[in-house]
Structures are given as structure tokens and as C-alpha cells.
Amino acid sequence: MSRSILITGANGGLGLGIARAFLQESPDNHLWLGVRTHRDAAIEMQSQHPDRVHLVELDVTSSLSWDLAVETIVATHKSMDVLINNAGHHDDQLLAMMTDDSWHKVIDSNLTGTFNGCRAVARTMMGQRRGRIINIASLSALLSPPGQANYAAAKAGVVGLTQSFAKEVARAGVTVNALCPGYIDTPALSAMGPEQRQAAIAKVPMRRLGRPEDVAAAAVFLASDGAGYITGSVLKIDGGIF
Amino acid sequence: MAASSESTIADSIPISPLFMDDLRQQIKDLMVNELMLQITADEIGNETPIFSPEGLGLDSVDALQLVVALEKKFGLKLPDAETARNVLRCVDTIAAAIPSAA
């Protein structure tokens with residue numbers, strides 16, 4: 001059966017990796033890539049798979065933007081099957097020096113964006129009595145490092161939201177789970193210098209950075225029929241850091 | 001039946017008691033199926049309180065599911081918590097709020 005899958009932050013390394021995995025998983029998967037400021041890579045993916053990849057304008061911090069995006073998908077596809085709340089950004093600063101702007105923007109994009117997404121699809125998925133929501137949190141939610149008070153708080157918020165919401169919609173056949181990636185080799189991580197990168201790898205028992213496909217595989221599984229009894233789970237994907 | 005500028009010819013047609021019985025039955029069936037209740041539709045009275053422990057004892061999670069299901073099946077819109085509280089008292093109050101029966 002054909003499925004509609006919305007991925008936010010789809011132009012980023014992780015979003016694209018997740019999109020690729022769903023494209024490969026089944027020809028029945030139709031992807032909606034939520035994009036805002038950056039879209040080059042998403043446009044390229046759409047040009048390669050014009051029948052199965054669509055771009056949708058989405059500012060995750062705006063509930064109006066969410067309503068329009070979900071309306072578009074449901075009007076076209078007649079169902080909203082999988083939502084991957086992946087959009088977000090970090091802006092690391094020590095708390096004592098953290099600006100109001102840095103705090104609020106990180107909370108908005110990561111936590112409010114995920115809340116808006118869950119709320120925007122809730123009634124549609126409950127009405128279908130079917131739906132899968134996968135929230136991309138972070139290892140930072142569980143092992144909050146220094147310099148990430150805003151990001152760690154936002155991602156810990158995503159974990160709490162995931163578990164609370166999972167209980168609310170469980171009876172409706174909708175599952176909600178969170179993934180907590182550790183150090184994943186994406187353009188977002190390339191801001192690290194070579195020394196920082198080595199220091200990061202040294203913290204990973206597997207002695208390598210994660211790949212976007214490592215996270216994508218978990219997302220594909222959580223959206224699969226086999227994961228129907230898994231909800232409110234928080235899955236670390238981090239090469240063994242704990 | 002409020003006479004307003006929006007009233008239509010349908011407002012003047014009396015509702016058949018048989019129609020209301022059928023509607024009540026449909027609501028009970030929907031409650032049992034959508035909320036996966038461990039009772040049969042026949043065990044739900046028309047005036048059984050839906051949320052009090054003396055009645056069905058459903059919770060707010062059930063309420064939300066019921067709101068979504070009623071909108072999908074009957075086009076009944078319950079836009080806010082206050083309206084929902086008033087309508088979701090018992091099968092009779094739900095039946096009275098469904099557009100085609102109002």
C-alpha cells in the first residue's frame with residue numbers, strides 16, 4: 001500500500017539520508033521533503049525521482065505553515081502515514097554567555113517545531129487509526145554536554161513530548177518514538193575542526209562516527225509493520241556511548 | 001430548534017424516532033469499536049454517563065479519540081473543550097448534537 005512520508009529538515013545530511021533509505025525500502029513510499037531556506041539537495045533528489053519525491057514549503061516553527069503542508073499532503077495523497085520530525089539546529093554556547101536569541105531559536109526549531117508537527121498530524125492519523133511519528137532527538141538529551149544547555153534542553157523536551165504523546169494516541173493505532181543519534185557524520189558536524197573530530201571519535205566505543213544510514217535504518221524500522229507494538233521508545237544510535 | 005437566518009427547510013422536518021434509535025445505535029457501535037471497549041454496545045444506555053466512574057469511566061484520551069471519530073463519521077465538529085464536555089455527556093447528548101439530527 002502506498003505511504004506518504006513527510007520528512008522535515010529534509011535538505012540536511014540526516015534528512016537526506018532518511019529520505020534515501022525510505023526511497024530504497026519500497027517503491028510504494030512517497031516522500032514529502034519539508035524545506036525552507038536550503039533546498040538544493042532536496043530539489044536534486046526530486047529531479048531523480050519526480051514521481052515519488054515532492055517538496056513542500058515548511059517553516060516548522062509556524063503552526064500555520066504546518067497546517068498548509070499537511071493539508072497539501074492529505075489532499076494529494078489522501079493519507080498522512082509517516083512523519084519524521086528531523087528539522088532542528090544547534091547553536092552551542094556556554095550557558096553563562098548564552099544569548100536570549102540563541103536559547104529561543106534552538107528551543108523553537110527543535111522542540112516547538114516537533115510539537116507543531118505532532119499536533120498538525122494528530123487528528124488526521126487518529127482518524128485513519130494508523131500513523132507513525134519518529135522524532136529525531138539527540139544523545140545530547142541523555143548525556144547533556146557542556147555548551148549545549150539550549151540544545152540538550154530542547155532535545156530532552158522532545159523525548160518527554162514523545163513519551164507523553166505516545167500514550168495519548170496509542171489506542172488510535174498511532175506510534176510515536178524518538179531516536180537519539182550520537183556523533184553522525186553530516187555537514188552539520190563538519191563545523192568541527194580535525195582535533196575536535198578526533199576527540200569525538202575517541203569517545204565512541206566503536207571508534208567511528210555514525211553515518212546518516214545508521215539513523216535512517218532505525219527510522220525505516222520504526223515506520224515498518226514489524227514495529228507496530230513499539231511506542232514511546234527512545235532509541236540511542238551512537239556506537240555504544242553511554 | 002433555533003429559528004435563525006441559517007435555518008433551512010430541513011429544520012422543519014420532524015425527526016423520526018426510528019432515525020434517532022438508529023443514530024444512538026451507531027454512536028454506541030462507534031464507541032465500542034473506536035475505543036476498543038470491553039463491553040457490548042447493548043450494555044451502553046442512552047443516558048449512561050460517559051466519563052464518570054459510575055458510568056463508562058472513560059478518560060480524556062478516550063475523549064479525544066471519540067471527538068476525532070465523531071467528526072469523521074458524522075461530521076460533528078467539537079472545536080473546544082467546553083463544547084466537547086457538554087456534548088460528550090451520554091449517547092443522547094451526542095445524538096442531539098449531530099448535525100443531521102439537530
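Quick notes
- Our analysis of region A:60-189 gives Rg over Rh at 1.01, with the two radii drawn from alpha carbon positions and Rh computed by the Kirkwood formula.
- Förster-model FRET efficiency, 56 Å R0, B:Asn46 and A:Glu57, C-beta, rounded to 0.05: 0.70
- Phi-derived couplings, Karplus 6.51 cos²θ - 1.76 cosθ + 1.60 at θ = phi - 60°, listed residue by residue for region B:39-51: 10, 9, 4, 5, 7, 9, x, 5, 10, 5, x, 6, 9 Hz, with x used for Gly and Pro.
- Around the Cα centre of region A:1-156, unit charges on the Cβ atoms of Lys, Arg, Asp and Glu (plus for the first two, minus for the last two) sum to a dipole of about 620 debye.
- Amide H partners (placed H, <5 Å) of A:Gly131, local residues excluded: A:Thr175
- A cut-off of 5 Å between modelled amide H atoms, ignoring neighbours fewer than 5 places along the same chain, links A:Ile184 with A:Gly210.
- Long-range amide H partners of A:Leu235 with built H, under 5 Å: A:Ala178, A:Leu179, A:Cys180
- Per residue of peptide A:218-229, the mean number of Cβ atoms on other chains within 10 Å of the residue Cβ is 0.
- Highest mean packing first, where packing is the average number of other Cβ atoms within 10 Å per residue, the peptides A:33-39, B:53-59, A:89-95 line up as A:33-39, A:89-95, B:53-59.
- Dipole-positive endmost among A:Val74, A:His89, A:Asn29 within region A:1-95 (Cβ charges, Cα centre): A:Asn29
- Sorting A:142-154, A:222-234 by their mean Cβ neighbour count within 10 Å, with the most densely packed peptide first, gives A:142-154, A:222-234.
- Applying the Karplus relation 6.51 cos²θ - 1.76 cosθ + 1.60 with θ = phi - 60° to region A:162-179 yields 3J(HN,Hα) values of 4, 6, 5, 5, 4, 5, 5, 10, 4, 5, 8, x, 10, 10, 9, 9, 10, 10 Hz, where x marks Gly and Pro.
- Average partner coverage of A:168-178, which counts Cβ from other chains inside 10 Å: 2
- Helical runs (DSSP H, four residues minimum) scored at -39500 (n - 2.57) apiece and divided by the length of the protein assembly as shown put the mean residue ellipticity at 222 nm at -13500 deg cm²/dmol.
- Evaluating 6.51 cos²θ - 1.76 cosθ + 1.60 at θ = phi - 60° for every residue in region A:202-215, the Karplus couplings come out as 4, 7, 9, x, 7, 6, 7, 6, x, 10, x, 5, 5, 6 Hz, glycine and proline recorded as x.
- Near-label residues of region A:123-140 by backbone N, under 17 Å of a point 7 Å along Cα→Cβ of A:Asp67: A:123-125
- Among A:170-177, A:50-57, the order from most to least packed when residues are scored by Cβ within 10 Å on average: A:170-177, A:50-57
- Kirkwood hydrodynamic radius (C-alpha pairs) into Stokes-Einstein, chain A, 37 °C and 0.692 mPa s, D in µm²/s: 183
- Pairs spanning more than 24 Å between alpha-carbon atoms, out of A:Lys105/A:Lys155; A:Lys105/A:Lys167; A:Lys78/B:Lys77; B:Lys28/B:Lys73: A:Lys105/A:Lys167.
- Remark: spin-label model distance A:Ile241-A:Lys78 equals 4.5 nm, labels positioned 7 Å along the Cα→Cβ axis.
Every number here is computed from the coordinates shown, using simple stated rules; none is lab data. Model, not experiment: these values are computed from the prediction. Note that each Cβ is placed from the backbone with ideal geometry, even for glycine, and that neighbours are counted across all protein chains shown.
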